Amino acid sequence: MTFQTFKLNERVIDGVVKAGYVTPTPIQTKAIPPVMDGRDVMGLAQTGTGKTAAFVLPMLHRFLDGPSKRVRALIIAPTRELAEQIHESIETLGRQTGVRSISIYGGVGINPQIQKLRQGPAIVVACPGRLLDHLGRGTVDLSNLEMLVIDEADQMFDMGFFPDIRRILGHVPKQRQTLFFSATMPDPIHLLAKDVLRDPVTIRIGIQAPADTVSHALYPVAQHLKTALLMKLLGQTDTNSVLVFTRTKHRAKMLDRKLTAAGYEAASLQGNLSQNRRQAALSGFKEGRVRILVATDIAARGIDVTRVSHVINYDVPSTPEAYIHRIGRTGRASETGEAFTLVTGDDGDMVRAIDRVLGTRVERRQLADFDYGLPDTRSTQNASPRAAVNASRGNGRSSSSQANGKPKTFSHSRNAAHGTASRPTSTSRQKRRPQRWGESTAVRSAA
Ligand code: AMP
């Protein structure tokens, strides 16, 4: 199958070629035809599947003709990074179409956005809060909207955006095409989907492709030795760009400081940063100046950096889905990647859940030359990792939400390359690169 199959206008195909896409990804194959036909779509898919182009290409095709100087499509996204990424995709794919897009999010000045809105872009990509601000000021008019895209609905729910989204819905016409994307579909998300979609085509895309290029390992360690173990691991592992996940903003900042002090080119991405500093950290990471980016789940959402060789979970994620999201940042575009997770004695439930979702017992590793017995010399308060870890559990979505978003299968031939579980790990084993897989999938082979 090629992009010609969709009968997209040549000017849109030109953007596809410029983006370097050869073969449509599974979600593009399934979603583009019904979207072109004007149908509503419910897409169970996440970042990394190519879902952005699945809705952007038909949108560009449709907007080549028809009324100008009015907002014809609204794409709602949870984070500014994702909004910016979608906007950039529209610019790349639509470079020959003349269809204009603008991104709208908080943390930056509102006036430049107002000015761009006055020029009448056809597509607005927005985070809910700032969009409501514009709606309140009357600086954006959605009354002529033809297409509404709600992207990463589960993430927006987690971030408490549903009331905002319902208010936004009051400003858009009832007669419209709606596309709704979510990696998981627990009840509250299903309820919103039912309210906004009319007779939708449902498309479900597993996330086998990115996972197939990633090998996984767990590193059991006491809470107070995590930083030391991480440093040791980094010292022994042949890495390119490394994305490290922490449970909280504070821990991201703390770890960034320690890594920087140890001489690593590190930066952190967390909610407390100014927009300028976020962008500096992100572009530094994308361009390779920052080798290690420490981030929280929310801050890292939707980050599309193809050269990430390692994702390291300094703290376990709060749900198996979050694990899949995190590791989805490595092993992209035919590259192989490794996912390391540091686990403490309190993380048993999550470890079992990760084993379950990956369909195998993930390899447990120990570093041969690391002193696992070092006592905790910190204050009593700090030395209570159990409480901290347990407290973190309550924040995530319930694990029952995995029912729909769960990947179907993960093959684990990588275990052959990495040896059996619980074996002490030598330096040479640390340096070994995982097998190259995933070439069989459309997404990866075309990239
Ligand atoms: P998304 O899931 O939309 O965030 O896309 C994930 C990555 O896949 C992005 O870097 C896209 O540029 C890339 N991509 C999307 N569609 C294709 C395709 N058909 N072939 C190759 N890469 C693609």
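The values are calculated or read from the model by the stated rules, or taken from the named source; none is laboratory data. As the structure is a prediction and not an experimental result, all values here were calculated from the model. Counting neighbours? That spans all protein chains shown, and the Cβs are built from the backbone with ideal geometry, glycine included.
So how many residues does the stretch 75-106 have that are of a type in the set (Ser, Thr, Tyr) and within 12 Å of the ligand (Cβ to nearest atom)?
Residues meeting the conditions: 2.
Any residue in the stretch 262-290 that is over 19 Å from Pro78 (Cα atoms) sitting within a Cβ distance under 8 Å of a residue that is loosely packed, with under 13 Cβ neighbours inside 10 Å and not aliphatic (A, V, I, L, M)? List the pairs, counting only those 6 or more apart or interchain.
Short answer, once both residue conditions are applied: Glu265/Arg289.
Quick one: is Leu229 in a helix (DSSP H, G or I), over 20 Å from the mean Cα position of the chain (by Cα) and modelled with pLDDT under 95?
no
Name the one entry in Pro26, Pro58, Pro67 that is surrounded by 24 or more Cβ atoms within 10 Å (Cβ to Cβ) and either within 13 Å of the ligand (Cβ to nearest atom) or in the same structural domain as Val172 (by TED's automatic domain parsing) (or both).
Going through Pro26, Pro58, Pro67 in turn, just one is surrounded by 24 or more Cβ atoms within 10 Å (Cβ to Cβ) and either within 13 Å of the ligand (Cβ to nearest atom) or in the same structural domain as Val172 (by TED's automatic domain parsing) (or both): Pro58.
Looking at the stretch 56-74, can you tell me whether even one residue there is under 24 Å from Leu192 (Cβ atoms) and touching a Lys or Arg at 6+ places or on another chain (Cβ under 6 Å)?
No: the stretch 56-74 contains no residue that is under 24 Å from Leu192 (Cβ atoms) and touching a Lys or Arg at 6+ places or on another chain (Cβ under 6 Å).
Among the residues of the stretch 4-23, write down those that are buried (at least 20 other Cβ atoms within 10 Å of the Cβ), near the ligand (Cβ under 10 Å from one of its atoms) and assigned to a helix (DSSP H, G or I).
Selection gives Val16 alone.
Which of the following residues is in contact with a Pro (Cβ under 9 Å, 6 or more places away or on another chain), within 16 Å of the ligand (Cβ to nearest atom) and either modelled with pLDDT under 80 or not acidic (Asp, Glu) (or both): Arg364, Arg329, Arg307?
Just one listed residue meets the conditions, Arg329.
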